[in-house]
Amino acid sequence: MIRGIRGATTVHEDDGAPILQETEKLLREMITKNQVNAEAVTSILISVTQDIKSEFPAKALRKIDGWNYVPIMCMQEIPVPDSLEKCIRVLMTVNTEREQKEIHHVYLENAVQLRPDLSINQK
């Protein structure tokens, strides 16, 4: 069965190093909490808000051993007024036997406010 795993985080500034660091942290957390291996991943989509321009967050995946061949793509989030700033969102599509309620979506940093209902169960 194919399932989507959601995740999001934020950075404090538009700078390459923090963008890669926070994205890698988010991806590793999504992978660990859902026990995902690279072969089970169909693709990963990453969106960023308009205020993130200095680096492709997708590069962070290449720092994780065994994930070189996973298709990944970055795009810009729609600019909704008063939306969360400096936000990186991830949608990882995986083949899994887990039920929808067993998927652990991950929200870090200021992105916790996007889905506080899901963030409560992250521990």
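Quick notes on this structure:
- Of all the residues in the range 34-47, those that are among the charged types (D, E, K, R) and surrounded by 16 or more Cβ atoms within 10 Å (Cβ to Cβ) number 0.
- Residue check, residue 17 under 22 Å from residue 115 (Cβ atoms) and of a type in the set (Gly, Ala, Ser): no
- Residue in the range 75-98 that is farthest from residue 51 (Cα to Cα), counting only those that are in a loop (DSSP other than H, G, I, E, B) and in contact (Cβ under 8 Å) with a residue 40 or more places away in the chain: 97
- Output for the range 30-45, where each listed residue is out of contact with any Ser or Thr (no Cβ under 7 Å at 6 or more places or on another chain), of a type outside the set (Ser, Thr, Tyr) and either in a helix (DSSP H, G or I) or more than 18 Å from residue 95 (Cβ to Cβ) (or both): 30, 31, 33, 38, 39
- Exclusive hit being crowded, with 18+ Cβ neighbours inside 10 Å, without any contact (Cβ under 8 Å) to a residue 40 or more places away in the chain, touching a helix residue (DSSP H, G or I) at 6+ places or on another chain (Cβ under 9 Å) and not in a loop (DSSP other than H, G, I, E, B), set 20, 27, 61: 61
Coordinate-derived values only; no laboratory data. No experiment lies behind these values; they were computed from the predicted model shown. Counting neighbours? That spans all protein chains shown, and the Cβs are built from the backbone with ideal geometry, glycine included.
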